[in-house]
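Q: So that we are looking at the same thing, I have put the structure below in structure tokens.
Here, each number is a calculation from the coordinates, and none is a lab measurement. Fair warning: this is a prediction, and the values are worked out from it, not measured in the lab. A quick note on method: Cβ atoms are made from the backbone with ideal geometry, for glycine too, and the neighbour counts reach across all protein chains shown.
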Amino acid sequence: MSLHRSGLLIVFEGTDGTGKSTQLQLLAQTLQEKGLPVVITREPTDGTYGKQIRELYANRDAVSREEELNLFLADRREHVDQLLLPALQSGKIILCDRYYLSTVAYQGAAGLDPAHILARNDFAPVPDLALLFHAPIQTGLNRITQGRGEELNDFEKEDYLRQVAAVFSQMDLPCIQRIDAARSIEAIRCDILERVQPFLEKLQ
Ligand code: ADP
Ligand code: TYD
């Protein structure tokens, strides 16, 4: 999608428990300390469709795979119109926890065609940078159950996540930079800062 925009869209992608939310918060803090205008957001959102999606976590088979895809797309449309485009046009640095690469990988792993899913996202602004976190699936799952003390939901089944990871690993888009997420929080933080720096220079 081509439109004039003066901000930056940085998205955090990858399988569950790879540390996306942790690193998003750390990057937000660093950018805010530099006085930069940061907006933090996530998908699924907290809007009407996002809430419907969260209800599916405990019972994924309540809708068909195509209906599930439509819910993620409807949520994204609302997010793009209400938050992402206005923020980009007013020069904000948006840090978004999951975006359309998650749809390609998760709904792709659920049986839909990844190329078809990507094409259906053509309304959504292309990220300037997609940080794609990868770590062994078991590492992520252990972090979720031990670290966050949570039970695994229907989107977090091990075999399914292996297929999700396989779709992520085949992606080849110019915006993607891969992050080895099996390292320490601090090592990943420094790595991400280095990758983001050139985008900040272009912004100023
Ligand atoms: P995600 O957003 O990718 O699902 P989170 O950022 O919520 O992942 O991290 C999941 C859990 O793992 C949290 O308890 C977090 O504190 C912990 N964690 C995050 N990054 C690391 C890391 N590099 N090493 C060890 N634990 C981590
Ligand atoms: P997650 O990012 O872990 O957020 P939280 O658990 O804090 O709500 O969960 C979102 C889940 O939704 C995750 O398992 C991936 C899935 N998902 C999709 O299947 N398709 C999508 O398009 C998006 C954005 C997320």
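Q: Can you tell me what share of the DSSP beta bridges in the chain is antiparallel? A percent to the nearest 5 is fine.
A: Percentage antiparallel, nearest 5: 0.
Q: Give me the distance in nm between label points sitting 7 Å out from Cα along the Cα-to-Cβ direction at residue 145 and residue 126, one decimal.
A: 4.1
Q: Please give me, ordered by residue number, the trypsin sites (Lys or Arg not before Pro) of the range 1-100 that lie in loop per DSSP and have at most 16 other Cβ atoms within 10 Å. Could the numbers behind the result be given before it?
A: Values: sites: 5, 20, 34, 42, 51, 54, 60, 65, 76, 77, 92, 98; in loops: 5, 34, 92, 98.
In loop regions of the range 1-100 (DSSP not H, G, I, E or B), the sparsely surrounded trypsin sites (Lys or Arg not before Pro) are 34.
Q: Give the residue list of chymotrypsin sites (Phe, Trp or Tyr not before Pro) in the range 1-107 that are DSSP loop and have at most 13 other beta-carbon atoms within 10 angstrom. Walk me through the numbers on the way to the answer.
A: On the way: sites: 12, 49, 57, 72, 99, 100, 106; in loops: 57, 99.
Counting only loop positions with at most 13 other Cβ atoms within 10 Å, the chymotrypsin sites (Phe, Trp or Tyr not before Pro) in the range 1-107 are 57.
Q: Let me ask something additional. For the range 123-197 and the range 65-115, what is the separation of their Cα centres, given in Å?
A: Centre-to-centre distance over Cα atoms comes out at 16 Å.
Q: When a/c is below 1.5 the answer is rounded, else prolate if a/b is larger than b/c, else oblate, so apply that to the range 1-40 with a ≥ b ≥ c taken from the square roots of the Cα gyration tensor eigenvalues.
A: Since a/c reaches 1.5 but b/c is at least a/b, the shape of the range 1-40 is classed as oblate.
Q: Further, regarding this structure: Go from 0 up to the bin containing the longest alpha carbon distance in the range 46-204, width 10 Å each, and give me the % of pairs per bin.
A: 9, 34, 39, 17, 1
Q: Given the Cα-Cα distance of residue 74 and residue 36 and 0.36 nm per residue of separation, how much length would full extension add, in nm? Intermediate values should be presented prior to the final figure.
A: Working: separation 38, 0.36 × 38 = 13.68 nm, distance 3.02 nm.
Here the answer is 10.7 nm.
Q: Where in the range 98-173 are there GluC sites (Glu not before Pro) that are in a DSSP coil and have at most 10 other Cβ atoms within 10 angstrom of their Cβ? Before the final figure, lay out each step's value.
A: Details: sites: 150, 151, 156, 158; in loops: 150, 151.
Filter output for the range 98-173: 151.
Q: Holding the Cα-Cα limit at 28 Å, pick out from 34/157; 51/202; 20/157 the pairs that are longer than that. Show your work: numbers first, answer last.
A: Details: 34/157 39 Å; 51/202 36 Å; 20/157 18 Å.
Pairs exceeding 28 Å: 34/157; 51/202.
Q: At what distance in nm do the modelled label points of residue 55 and residue 89 sit from each other, each positioned 7 Å from its Cα along Cα→Cβ?
A: Result: 3.2 nm between the two label points.
Q: Quick query: amide H of residue 133 versus all other amide H atoms, modeled in the peptide plane; which residues come in under 5 Å with a sequence gap of 5 or more or a different chain?
A: 13, 14, 179
Q: Tell me which DSSP H helices of the chain clear both cut-offs, 15 Å or more of axial length from alpha-carbon atoms and a mean Kyte-Doolittle hydropathy of at least -1.0.
A: Working: long enough: 20-33 (20 Å, -0.47); 65-79 (21 Å, -1.45); 158-170 (18 Å, -0.15); 185-203 (27 Å, 0.22).
Long hydrophobic helices here: 20-33, 158-170, 185-203.
Q: For residue 185 and residue 82, calculate 0.36 nm times their separation in residues minus their Cα-Cα distance, and state this gained length in nm to one decimal.
A: Numbers: separation 103, 0.36 × 103 = 37.08 nm, distance 3.22 nm.
Additional length available on full extension: 33.9 nm.
Q: With an 8 Å Cα cut-off and a minimum separation of 6 or more residues, compute the relative contact order for the chain in percent. Numbers along the way, then the final one.
A: Values: 304 pairs, mean separation 69.0, N = 204.
Relative contact order comes out at 34 percent.
Q: Per the helix-only calculation at 222 nm, which mean residue ellipticity applies to the chain, given -39500 (n - 2.57) for every DSSP H run of n ≥ 4 and division by its residues, nearest 500 deg cm²/dmol? Provide the component values of the computation, followed by the final result.
A: On the way: 9 runs with 97 residues, N = 204.
So the helix-based figure for the chain works out to -14500 deg cm²/dmol.
Q: Then there's this: For Cα pairs less than 8 Å apart in space and 6+ apart in sequence, what is the mean separation divided by the residue count of the range 137-198, i.e. the relative contact order in percent? Write out the running numbers ahead of the final one.
A: On the way: 20 pairs, mean separation 14.7, N = 62.
Normalised by residue count, the contact order of the range 137-198 is 24 percent.
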